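To start, the structure itself, in C-alpha cells.
The values are calculated or read from the model by the stated rules, or taken from the named source; none is laboratory data. Note that the structure is a prediction, hence the values are computed from the model and not measured. Because the Cβ atoms are built from the backbone with ideal geometry, glycine has one as well, and the counts that use them run over all protein chains shown. Each accessible area value is taken on the protein alone, full model and side chains, heavy atoms only, with ligands, DNA and RNA left out. Shrake-Rupley method; radii C 1.70, N 1.55, O 1.52, S 1.80 Å.
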Amino acid sequence: QVQLVESGGGLVQPGGSLRLSCAASGIVFSVYAMHWYRQAPGKQRVLVAVITSDGSTNYEDSVKGRFTISRDNAKNTVYLQMNTLTSEDTAVYYCNGKRLFQSYWGQGTQVTVSS
C-alpha cells in the first residue's frame, strides 16, 4: 500500500520559516519525481516545486529564492524548506510522487501565515 504522509505545517508569522516533510512508503522512492503542490482557499491546486529522481529541481515563480525542495532517498522523504513566508503562501500543501503513469498524493498539511 502506497502512503505519502506530510508533516511540518502550522501557523507562522509573516517573514517566518517552516520545513515540510513528506515520508513515502510502498514505492521505490528513489525513482519517483517528487512534487509539492498547494491549494489556497477558493483556488485551484498549483505546483510549487519539483525534484526529479536525479535531483534536478524547478520552482513556481512566486517561490523562487524562498523555497527549497530536497530529498533524502535513504529516508524515503522529500522536504520543502519555506523561508520569508507571506500571507500569499497560506494554503494546504500536498506531496505528490509521479513515475510514468503512476501518481500518488498525500493528505495535505495546512500552512497558515498570519500575525
Which members of the range 1-30 meet the condition of being among the β-branched types (V, I, T), open to solvent by less than 50 Å² (accessible area, probe 1.4 Å) and not in a strand (DSSP E or B)? V2, I27
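Keeping to the range 54-72, report how many residues are surrounded by fewer than 16 Cβ atoms within 10 Å (Cβ to Cβ) and either charged (D, E, K, R) or more than 11 Å from the chain's Cα centre (by Cα) (or both).
In the first step, residues of the range 54-72 are kept if they are surrounded by fewer than 16 Cβ atoms within 10 Å (Cβ to Cβ); the result is 54-58, 60-62, 64-66, 70, 72.
With either charged (D, E, K, R) or more than 11 Å from the chain's Cα centre (by Cα) (or both) added as a condition, the list becomes 54-58, 60-62, 64-66, 72.
So the count comes out to 12.
How many residues are open to solvent by 50 Å² or more (accessible area, probe 1.4 Å), closer than 16 Å to G97 by Cβ and out of contact with any Lys or Arg (no Cβ under 8 Å at 6 or more places or on another chain) if we restrict to the range 31-52?
Qualifying residue count, the range 31-52: 1.
Go through the range 61-95 residue by residue and tally those that are polar (S, T, N, Q), out of contact with any Lys or Arg (no Cβ under 8 Å at 6 or more places or on another chain) and on the phi > 0 side of the Ramachandran plot.
Going through the range 61-95, the residues polar (S, T, N, Q) turn out to be 62, 68, 70, 73, 76-77, 81, 83-84, 86-87, 90.
Checking the rest, the ones that are also out of contact with any Lys or Arg (no Cβ under 8 Å at 6 or more places or on another chain) come to 62, 68, 70, 73, 76, 86-87, 90.
Checking the rest, the ones that are also on the phi > 0 side of the Ramachandran plot come to 76.
Adding up the residues that qualify gives 1.
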Test of understanding: among S53, S87, which residue is farther than 15 Å from G9 by Cα and of a type outside the set (A, V, I, L, M)? S53
Return the pairs, sorted by first residue and then second, in which the second residue is open to solvent by 20 Å² or more (accessible area, probe 1.4 Å), the first residue lies in the range 6-23 and is basic (K, R), the beta carbons are less than 9 Å apart, and the residues are 6+ apart or on different chains. R19/G8; R19/Y79; R19/Q81
Residue in the range 85-115 that is farthest from K43 (Cα to Cα), counting only those that are open to solvent by less than 70 Å² (accessible area, probe 1.4 Å) and either aliphatic (A, V, I, L, M) or part of a helix (DSSP H, G or I) (or both): L85
